[in-house]
Structures are given as C-alpha cells and as structure tokens.
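Read through the structure below, which is laid out as structure tokens, and then see the notes.
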Amino acid sequence: MARPYVFINVAATVDGKIDTRDRRGAAISSQADGDRVDRLRASADGVVVGHRTLHDEDPRLTVKSDSLIAERVARGEPPQPARIGIASRLSLRPDARFLSGPPARIILFVPSGQDRQTFPHPPVEVFEVGRGRVDLAAALAVLAGRGLRRVMVEGGGTLNFELLRLGLVDEVQLYLAPLIFGGACAPTLADGDGLARDAAVRLGAPEVESLPDGGIVLRYKVEQS
Ligand SMILES: NC(=O)c1ccc[n+]([C@@H]2O[C@H](COP(=O)([O-])OP(=O)(O)OC[C@H]3O[C@@H](n4cnc5c(N)ncnc54)[C@H](OP(=O)(O)O)[C@@H]3O)[C@@H](O)[C@H]2O)c1
C-alpha cells in the first residue's frame, strides 16, 4: 500500500523516558529543541498522535512560528499541517486543542462500527479502518490518497511501537535531554508488548547534533527489513 514518508519525533530523557511515571506530559524539550520541532512540524503535511496523548497531554500540534507558516503558504501548502488522531473509539474531549486550534484539516481514525450520530464534532473527518483496532497501514494509505506525503508522528509510546513493529516508519528523531526520570512504568519511545531481540527494529548510523542546552538531537533512518 502506498503511504507517506513517516517520521517519529520524541523528546526523551537519558534513561529513555518520554514522560514521568505520572504521565502528565512533563516538559522535556528545551527552547532550542522547541524551535527544531516547530521546523519539523512545518515540514509535515500532517501530525499524528495516539488517543492517550491527545486526551491526557492535550497537545496543540501546530506550527507556531509566523515565518514558518508564511513559508508553508508560499509553497502552496495550508498554513497548518493536518491534525490526525488514532483512537479505538469515536470520542474526543470536547475542550481538546486538537479541535479548537488554528484552522487545519482534522482527521480521526477509528476501527469500524462506530456510532457517528453521537459524535458532535462536524469539522473532524472520521475514517473507520480496521476491525477492533485501527489498521495503521490502511490509515496511512488513506492519508497518501488524500495527498499527504510527509507525516510526523508525535507519540506516544504505544502508537510509536505499533508503527515501528509494522515497518511503517522511515525515520526517528530524538531529542535526548540531560535528565533522568527513572520509573519502570514511565513511558518510553516505544512501549507496547516489545520485540524479541531478533525482531528488533534496526536503525542506521545517526546524525548527531549537540544543542547549547546540553541536549543531543539524534536522527536515525529506519533500516527496512
Ligand atoms: N516526550 C514526548 O516526545 C512525548 C510525545 C507524545 C507523548 N508523550 C507521552 O506519552 C504518554 C502517552 O503514551 P501512551 O503510550 O500511553 O499512549 P499513545 O500512544 O499516545 O496512545 C495510545 C492510544 O492510542 C490509541 N491507539 C493507538 N494505536 C491504535 C490502533 N492501532 N487502533 C486503535 N487505537 C489505537 C488507543 O487509544 P484508546 O484505546 O484510548 O482509544 C491507545 O490506547 C504520555 O505520558 C505523553 O505525555 C511524550
């Protein structure tokens, strides 16, 4: 199935955690990293998140810089990338920034068999793909069919893992903050059920960039098996 170029971006601590054990969206990024993430979002046609991140962290998923927005428009793109959620049922918190942020295409993927009568958010394009779970390959094919060529995945660990396990990720970018959170239950870049050693997702040699705040940006291409 045709799909967009897919890249994951996360901010993690040195011990690999993308949040504290409290799972309240702890700040990990620095200002310099925030600028990098804004540029990455501005390069994407859509930004994808899992439902728990959508619900608990309530991210904006928008490009903030006026000059980056102007560059998108000059390239003939919409000012903001599409905001895309993956969920197991048709339900969103009514106050979600996902819904109320600056105008953008808003897309929600859910498994088949949802009751659309009870979903009061008309601007959201809903696609039912897969039985029981969203078929992520089919969801990406839907995005490709609607002209999205570059998609940024912004977590969380469950969604990242499923996409990696299915071989649907081309690149992983990681801001490694000089912090340690610890906590066996704190989320990581890739959670889910985990993989056996011989099924590990293999990455190429990283591009490494040191930021003045002590953080490191690592950019890996995923080796397709
Ligand atoms: N530091 C960072 O860069 C960063 C970025 C993002 C998130 N985070 C953190 O990550 C944590 C959240 O991660 P998480 O692993 O708990 O959740 P998540 O990956 O954000 O969302 C998982 C949920 O997404 C839905 N989902 C994912 N794949 C699906 C599929 N194939 N079919 C149907 N539904 C699917 C399900 O939602 P439902 O069953 O609920 O509908 C599932 O429970 C939070 O602590 C957040 O702050 C950190």
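Readers should treat all values here as calculations from the given coordinates under stated rules, not as data from a laboratory. Nothing here was measured: the structure is a model prediction, and the numbers come from that model. All Cβ positions, glycine included, derive from the backbone under ideal geometry; neighbour counts span all protein chains shown.
Just a few scattered comments:
- Förster radius 30 Å - calculated FRET efficiency between Lys221 and Arg146 (Cβ-Cβ, nearest 0.05): 0.75
- The chain - mean residue ellipticity at 222 nm from DSSP helices (-39,500 (n - 2.57) per run, n ≥ 4, rounded to 500): -5500 deg cm²/dmol
- The slack in the chain from His55 to Arg131, taken as 0.36 nm per residue of separation less the alpha-carbon distance, amounts to 25.1 nm.
- Residue-count net charge about Val6 - beta-carbon cut-off 9 Å; Lys, Arg +1, Asp, Glu -1: 0
- Charge tally in the Cβ shell below 10 Å around Val48, where Lys, Arg are +1 and Asp, Glu are -1, Val48 excluded: 0
- Charge context of Leu176, other residues only, Cβ under 15 angstrom, K/R +1, D/E -1: -3
- Extending 7 Å from Cα along the Cβ direction at Arg116 and again at Leu195 yields two label points whose distance is 3.6 nm.
- When you restrict to C-alpha pairs under 8 Å that are six or more residues apart and normalise by the size of the stretch 7-133, the relative contact order lands at 19 percent.
- For the chain, the relative contact order is 31 percent, taking Cα pairs closer than 8 Å that sit 6 or more residues apart in sequence and dividing their mean separation by the residue count.
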